[in-house]
Amino acid sequence: MTPEQTGSAFSPARLWSNPASRALIALVLVFVLGCVFNADGAFFKLGTHRDTLRQASVFGILACGMTLVIISGGIDLAVGSVLALVAVAFSLMSIHWNWSPWVVLPLCLLLGAAAGGMAGGVTAWFGIQPFIATLAMMVFARGLAKTLSGGMKVSTAVKQADGNYHYVDVPAIFRFIDNRILGGHLSMVTVIFALCAAVAWVLLARHRWGRELYAIGGNEEAARLSGVSVAWTKLLAYAASGALAAVAGLCQAAQEQQGDPEAGVGYELTAIAMVVIGGTPLTGGRGGIGLTLLGTLTIGYLDKILSINAVPEASRLMLTGAIIVAAVLTQRRRRS
Amino acid sequence: MTLLAADSLRSPLVRLRGIGKRFGPVQVLRGVDLDIFGGEVLVLAGENGAGKSTLIKILGGVHTDFDGTIEIDGQVVRPRSPLEAAALGVAIIFQELSLVPTLTVADNIFLGRPLTRRGFVDDAGQRAAARRLLDQLGLDIDVDQRVEDLSIAQQQLTEVAKALARDARVIVMDEPTSALNAPEVEKLFGLIADLKARGCGIVYITHKMEEIERIADRIAVLRDGEHVGAAPAAELPPAKLVNWMVGREVEHQFPRHAGQPGAERLRLDGFSVWRNGRGNRPTVEGVSFSVHAGEILGVGGLQGSGASDLFGGLFGAYGAQVGGQAWLDSRPLAIASPRRAIDQGLAWLTNDRKATGLVLPLSIIANATLADLPRLSTAGWRRPPLEIAAAREQGATLALRAASLDMEVGLLSGGNQQKVALAKWLQTRPRLLLLDEPTRGIDIGAKREIYQLMNDLTARGLAILLITSELPELLALSDRLVVLHRGRLTAEFSRAEATPEKVLAAAMGRA
């Protein structure tokens, strides 16, 4: 691309050269698909959209954290397990121990951030590849979740001293998170997702730390020689990803009304797909939260459209795989 | 370009005619003629950037887009890959070796053309053949050892064996002794003598005068991408060789206006840098000099001199792997990290803007403010208006030409990229500027602007340490000069004393 072109006004070529507009085109295509295969008008019902957003929210929260890490040139495979770990811890503390949400929520976020930060620290200081370090945390956190829960789902059926089970009420904080607002038209988890995206966006776009993440992902050595403390900056990205995985874990537990140590298996891969479909390249240094939002909606709606048209899950998975490849092919940067 | 009379009785193994090559706007080779004969060592001499590496990469099939012709045994050929060049009998041993570290010596020797039996690799046969080959060469290397477990010298010798296994008749060695100790060098020279006796043609690139005197049969000299001449080594004593390598007057292009130097800015006393860790030989050893405010001190040296490592060491790029004393404005310089160096007023323009200078996917603004973000933000929150103002101010100072300051730096021309890298460092308000190859790969217009900038900066009291591999540029811009050879300071010159011949001789270890 020449400087003259960047300065020019609207043109189709310019639109296509911009990753945001390419991601938007993909989303629009999915919407067109939805309008054509509307399953006897189901696609035009408000409730369908509310549910699509609700189902995409947990993944979207993970994808926001994943975006931070991927922009720094890394990857975080641990988010699905951290989600399960926090879901278990949240349920234990809220349902079984009856702790106040004012204590439980900060502890859960801290737990997620610590898990992410540990993986990040191993990457940053020992030079272990992010893939390996977060893979290790993925396995470890899953094990910890199973240990805490004793391998069982942590539900409202609480075992008594006499060995019998007795059902307790779902805690208020669970109900709050799983609530709907605006006359039942918007799920609370979608609001939480929007908040997470907003915070991640502000940090990336307006904070020094965000700029330094881009610099590290774009050229780590140049960033280091420009005075960026590479290790801490990276560690914070993984800690933030862990904290966002914790938020996703809270939402997951509230929606299921239990802490399932088996929850979130494979979620990290969906989150990565959402980031990549949005147009943030795995090579780092580019991309952003806005793109990830588009990617989250694209996958979320695609899944919904296929399911309301009663496409069997087996075919859905194969189609999604094909679409990921197609999307990434169009997102690939053209040689300038 | 006249070719000095080569031995007309023999016909050369390789005949290069009119070789030209350009990288974008920069013409790096122009009409180069070269003959390589069997049974002799041809030393290819020239300053850094004279075009030696480009020339051998053309011969070796690395660069395929060039002008002119290559003849091997009288046949015009055009190798399109290193593999094709190898099939033609040309092997190039680069400084970065092309062995696979995790494979054994035998596997490496036969890599790409294995001995096979019924479609499977004949492991026993390969090992026996490799052992025979190494024995013939008098090399004591275990064929079953992994290459990564060998010393650098053994790796290099393995590379030679690999070349011979492919019937190479022309073997090019690019600074093969830079990582070797004295006994290893002897071993290599012994092998070279052996190869000569077998009728191989050796092309040897080196910056060390003592090596040239020892092994050269003939010497060809490149300067600024042109062939200056070739002569039997006996007819080219060191003084004359140096004269061939320099001999270029471009002084009028450099309008250096030296002012009166001010107070002492930086002082080094026995300064050493262990770039590769304390256990290894320091790449800078016991260097002492000082530079004053308003002064440009040139640091001369050829490849492997350690000049860039001196900059990196001062800047804290290798952490605290330094020894000796350093004072900045009469206070001890704390060397720990780049951040500490920047905070104390140091700036280091590295010699490779794409690899270590710029973040190519980011905008001009993001790059120009990267090193100064702590000052440009409040409690961690960036202040875009301040950043835009800073980038605009530095851009104006440097006459940066770009459609928009939001443009990705990767899309700019080389000269403008260099200006962005400079903008980043000027934005930190440095007191001592370390410039490593500030004009590498940029056009003449941008070069002049950078020269003018250096005048302006020193007039404002900045001190500059300058590395440039272009000797005329070094001589014309430096108020004083120090010269390094293999990490040690070999000479110091005032502007009046310095001549190209003296500086080059000192850089080659002949002070």
Enumerate the helices (runs of 4 or more DSSP H) found wholly within the range B:345-440, keeping only those where 3 or more residues are away from chain A (no Cβ under 11 Å) and not hydroxyl-bearing (Ser, Thr, Tyr).
B:384-397, B:414-426
When the range A:191-213 is checked residue by residue, the ones that are in a helix (DSSP H, G or I) and more than 19 Å from the chain's Cα centre (by Cα) are A:Arg206, A:Arg208, A:Trp209, A:Arg211, A:Glu212
List the pairs whose first member sits in the range A:85-103 and is without any contact (Cβ under 8 Å) to a residue 24 or more places away in the chain, whose second member is in a loop (DSSP other than H, G, I, E, B) and not acidic (Asp, Glu), and whose Cβ atoms are under 7 Å apart, counting only residues at least 6 apart or on separate chains?
A:Met93/A:Trp99
Inspect all residues belonging to the range B:305-321 and state whether any of them is among the polar types (S, T, N, Q), in contact (Cβ under 8 Å) with a residue 24 or more places away in the chain and outside any loop (DSSP other than H, G, I, E, B).
yes
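Residue-by-condition table, conditions (1) in contact with a helix residue (DSSP H, G or I) (Cβ under 7 Å, 6 or more places away or on another chain); (2) at pLDDT 95 or above:
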| site | (1), (2) |
| --- | --- |
| A:Asp169 | no, no |
| A:Ala198 | no, yes |
| A:Trp201 | yes, yes |
| A:Trp209 | yes, yes |
| A:Ile216 | yes, yes |
| A:Leu225 | yes, yes |
Does B:Ile109 count as touching a Gly at 6+ places or on another chain (Cβ under 6 Å) and either assigned by TED's automatic domain parsing to the domain that holds B:Val185 or aliphatic (A, V, I, L, M) (or both)?
no
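If only one of A:Thr283, A:Thr296 is part of a helix (DSSP H, G or I) and under 30 Å from B:Ser363 (Cβ atoms), which one is it? I'd like the intermediate steps shown before the answer.
Numbers: A:Thr283 fails: part of a helix (DSSP H, G or I).
The unique qualifying residue is A:Thr296.
Being of a type in the set (S, T, N, Q) and touching a helix residue (DSSP H, G or I) at 6+ places or on another chain (Cβ under 8 Å) is the filter here; which residues of the range A:138-167 pass it?
Within the range A:138-167, A:Ser149, A:Ser155, A:Thr156 qualify.
From the list B:Leu195, B:Leu180, pick out the single residue that is surrounded by 15 or more Cβ atoms within 10 Å (Cβ to Cβ), in the same structural domain as B:Ile19 (by TED's automatic domain parsing) and touching a strand residue (DSSP E or B) at 6+ places or on another chain (Cβ under 9 Å).
Values: B:Leu180 fails: touching a strand residue (DSSP E or B) at 6+ places or on another chain (Cβ under 9 Å).
Of B:Leu195, B:Leu180, the one residue that is surrounded by 15 or more Cβ atoms within 10 Å (Cβ to Cβ), in the same structural domain as B:Ile19 (by TED's automatic domain parsing) and touching a strand residue (DSSP E or B) at 6+ places or on another chain (Cβ under 9 Å) is B:Leu195.
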Looking at (1) part of a helix (DSSP H, G or I); (2) at the interface with chain A (Cβ under 7 Å from one of its Cβ atoms); (3) at pLDDT 95 or above, can you tell me which one B:Ala341 breaks?
(2)
What is the number of the single condition among (1) touching a helix residue (DSSP H, G or I) at 6+ places or on another chain (Cβ under 9 Å); (2) within 17 Å of B:Gly89 (Cβ to Cβ) that B:Gly199 does not meet?
(1)
Where residues in the range B:451-481 are in a loop (DSSP other than H, G, I, E, B) and of a type in the set (Ser, Thr, Tyr), which of them is modelled with the lowest pLDDT?
B:Ser469
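Yes/no matrix, rows are residues, columns are (1) assigned to a strand (DSSP E or B); (2) in the same structural domain as B:Gly225 (by TED's automatic domain parsing); (3) under 22 Å from B:Leu195 (Cβ atoms); (4) modelled with pLDDT under 90:
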{"position": "B:Glu71", "(1), (2), (3), (4)": "yes, yes, yes, no"}
{"position": "B:Glu96", "(1), (2), (3), (4)": "no, no, yes, yes"}
{"position": "B:Pro114", "(1), (2), (3), (4)": "no, no, no, yes"}
{"position": "B:Asp135", "(1), (2), (3), (4)": "no, no, yes, yes"}
{"position": "B:Glu159", "(1), (2), (3), (4)": "no, no, yes, yes"}
Filter the range B:12-62 down to the residues that are small (Gly, Ala, Ser) and either within 19 Å of B:Gly229 (Cβ to Cβ) or under 18 Å from the mean Cα position of the chain (by Cα) (or both) and list them by number.
B:Gly18, B:Gly20, B:Gly31, B:Ala45, B:Gly46, B:Gly49, B:Ala50, B:Gly51, B:Ser53
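Scan the range B:324-374 for residues that are among the charged types (D, E, K, R) and buried (at least 18 other Cβ atoms within 10 Å of the Cβ) and report the count.
Taking the range B:324-374 as the starting set, the residues that turn out to be among the charged types (D, E, K, R) are B:329, B:331, B:339-340, B:343, B:352-354, B:372.
Add one more test, that the residue is buried (at least 18 other Cβ atoms within 10 Å of the Cβ), and what stays is B:353, B:372.
The qualifying residues number 2.
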What is the one condition in (1) touching a strand residue (DSSP E or B) at 6+ places or on another chain (Cβ under 8 Å); (2) surrounded by fewer than 23 Cβ atoms within 10 Å (Cβ to Cβ); (3) not in a strand (DSSP E or B) that B:Arg448 does not satisfy?
(1)
What single numbered condition from (1) surrounded by fewer than 24 Cβ atoms within 10 Å (Cβ to Cβ); (2) within 22 Å of A:His49 (Cβ to Cβ); (3) among the hydrophobic types (A, V, I, L, M, F, W, C) fails to hold for A:Leu317?
(2)
Do the conditions hold for A:Gly295, that is, is it touching a Gly at 6+ places or on another chain (Cβ under 6 Å), at pLDDT 85 or above and surrounded by 15 or more Cβ atoms within 10 Å (Cβ to Cβ)?
yes
Any pair with Cβ under 7 angstrom, 6 or more apart, that starts in the range A:215-226 at a residue that is more than 7 Å from every other protein chain (Cβ to nearest Cβ) and ends at one that is assigned to a helix (DSSP H, G or I) and surrounded by 24 or more Cβ atoms within 10 Å (Cβ to Cβ):
A:Ile216/A:Ala223; A:Ile216/A:Lys234; A:Gly217/A:Ile71
The condition of being surrounded by 18 or more Cβ atoms within 10 Å (Cβ to Cβ) and under 21 Å from B:Ala153 (Cβ atoms) holds, among B:Ile202, B:Ile219, only for B:Ile202
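Somewhere in the range A:180-188, is a residue crowded, with 16+ Cβ neighbours inside 10 Å and part of a loop (DSSP other than H, G, I, E, B)? I'd like the intermediate steps shown before the answer.
In the first step, residues of the range A:180-188 are kept if they are crowded, with 16+ Cβ neighbours inside 10 Å; the result is A:186-188.
Retained after the next criterion (residues that are part of a loop (DSSP other than H, G, I, E, B)): none.
Checking the range A:180-188: not a single residue is crowded, with 16+ Cβ neighbours inside 10 Å and part of a loop (DSSP other than H, G, I, E, B).
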Being away from chain A (no Cβ under 11 Å), touching a Lys or Arg at 6+ places or on another chain (Cβ under 7 Å) and at negative phi is the requirement here; does B:Ala336 meet it?
no
Determine, yes or no, whether A:Ile128 is under 23 Å from the mean Cα position of the chain (by Cα), within 30 Å of A:Asp76 (Cβ to Cβ) and surrounded by 13 or more Cβ atoms within 10 Å (Cβ to Cβ).
no
Those residues of the range A:227-247 that are within 13 Å of A:Thr123 (Cβ to Cβ), within 14 Å of another protein chain (Cβ to nearest Cβ) and among the small types (Gly, Ala, Ser) come to a total of 1
Got at least one residue in the range B:260-275 being part of a loop (DSSP other than H, G, I, E, B), outside the structural domain of B:Asp174 (by TED's automatic domain parsing) and among the β-branched types (Val, Ile, Thr)?
no
Among the candidates A:Ala136, A:Ala145, residue that is out of contact with any Asp or Glu (no Cβ under 7 Å at 6 or more places or on another chain) and either on the phi > 0 side of the Ramachandran plot or buried (at least 24 other Cβ atoms within 10 Å of the Cβ) (or both)
A:Ala145
Is it the case that B:Ala124 is surrounded by 15 or more Cβ atoms within 10 Å (Cβ to Cβ) and in a helix (DSSP H, G or I)?
no
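The values are calculated or read from the model by the stated rules, or taken from the named source; none is laboratory data. Everything quoted here is computed from the prediction, not taken from an experiment. Quick reminder, even Gly has a Cβ in these numbers, built from the backbone with ideal geometry, and neighbours come from all protein chains shown.
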